[in-house]
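Following: one structure in structure tokens, then a few remarks.
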Amino acid sequence: MRQQRTIRRAGTLRGVAIHSGNTTELKILPAPPDHGIVFRRTDLPGSAPLQLNPALSLEAKRGTNIRQAEVQIMTVEHLLSALNGLGIDNIILELDGPELPIGDGSALPFVELIENAGSVEQAPAKRDIRLKTPLTVERGNGRITAIPHHCLSIDFLLNFPQTPVGRQAAAYSEDTDDYRASLAPARTFGFRHEIAALWQAGLARGGSLDNAIVVEKDGYSTPLRFENELARHKIVDLIGDLMLLGQPIKAHFICIQSGHQLDIELVKKIWEDLSSARPPQ
């Protein structure tokens, strides 16, 4: 039996937020068993804590944003990915603004934050989500198929023809791969021709060559950490977005050219499927 986990002690990460450009501070705190993942906006006194679950308002806007009433948390995917990858079930996340710090654009700063805080097992067993039947979501050229499986595993195909990216493939299985080594360092990316439009939309104001890979016409703005770093980062994002379910899921995911919007559609479809399978109260 695998047991629930929380962190051993508090920790803090401070840095620039990629879209607003503001400096924000994240504080992580231990939580009791069966508490789940809960955000608190310390800059909104008296606001209700935000319990992570699919009933929240979910938005994909060059990242994954969550909202409940006036409480919004932006760009949650890398933090949630680190929590999922390291098996943290119960934690309190305090933030002094609407957007998480981006670090170097990967999940590694959050992994290091959690590792420095330590982790501890708790008495109750983990509550994993298990699929009953395969599910598929599609949007444009993107598709994700989720298949019942004994563990979390992902195959991802990324295809940007006539760019330096070309075709990239990556795979991950929590049974055989080390999340920290194989996925956490993979950074977010964008294309040079997109930057002006992002700025006009009020996005990427904190973006820089220190926290994102820029795909140029003839190469990359920085040496890659992995030959297929961009495809690996897409897996990082999906692992984070899947935690919007509020607890980890065990399934095999086959992904082609998908992103946050399709991830959110999949999360909603999984939740609807699970809800319809539950007996009436």
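Details
- Failed condition for ASP177, given (1) assigned to a loop (DSSP other than H, G, I, E, B); (2) open to solvent by 20 Å² or more (accessible area, probe 1.4 Å); (3) touching a helix residue (DSSP H, G or I) at 6+ places or on another chain (Cβ under 8 Å): (3)
- Looking across the range 98-128, the residues that are at positive phi and open to solvent by less than 20 Å² (accessible area, probe 1.4 Å) come down to GLY105, GLY118.
- Across the range 1-53, the number of residues qualifying as among the hydroxyl-bearing types (Ser, Thr, Tyr), open to solvent by 20 Å² or more (accessible area, probe 1.4 Å), farther than 30 Å from ALA196 by Cα and part of a strand (DSSP E or B) comes to 1.
Residue-wise test of (1) among the β-branched types (Val, Ile, Thr); (2) closer than 19 Å to ALA82 by Cα.
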| residue | (1), (2) |
| --- | --- |
| THR12 | yes, yes |
| ILE18 | yes, yes |
| GLY21 | no, no |
| LEU26 | no, yes |
| GLY36 | no, yes |
| ARG41 | no, no |
| PRO45 | no, no |
| LEU50 | no, yes |
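- Restricting attention to the range 145-164 and to residues that are touching a Phe, Trp or Tyr at 6+ places or on another chain (Cβ under 9 Å) and buried (at least 19 other Cβ atoms within 10 Å of the Cβ), the residue that is farthest from ILE235 (Cα to Cα) turns out to be ALA146.
- Cross-chain or 6+ apart pairs with Cβ under 7 Å, the range 1-22 first and modelled with pLDDT under 90, then acidic (Asp, Glu): HIS19/GLU99; SER20/GLU99
The rows are residues; the columns are (1) out of contact with any strand residue (DSSP E or B) (no Cβ under 9 Å at 6 or more places or on another chain); (2) part of a strand (DSSP E or B); (3) surrounded by 24 or more Cβ atoms within 10 Å (Cβ to Cβ).
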position	(1), (2), (3)
ARG62	no, no, no
ASN65	no, yes, no
SER81	yes, no, yes
ILE92	no, yes, no
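- There is no residue in the range 98-112 that is over 23 Å from ASN65 (Cα atoms) and assigned to a strand (DSSP E or B).
- First in the range 67-87 and within 17 Å of ILE154 (Cβ to Cβ), second anywhere and of a type in the set (D, E, K, R) and open to solvent by less than 10 Å² (accessible area, probe 1.4 Å), Cβ under 7 Å, 6 or more apart: GLU77/ASP241
The values are calculated or read from the model by the stated rules, or taken from the named source; none is laboratory data. All values derive from a computational prediction rather than experimental measurement. Methodologically, a virtual Cβ is constructed for each residue, glycine included, from the backbone with ideal geometry; neighbour enumeration extends over all protein chains shown. These area figures cover heavy atoms from the full protein model, side chains too; ligands, DNA and RNA do not enter into them. Shrake-Rupley method; radii C 1.70, N 1.55, O 1.52, S 1.80 Å.
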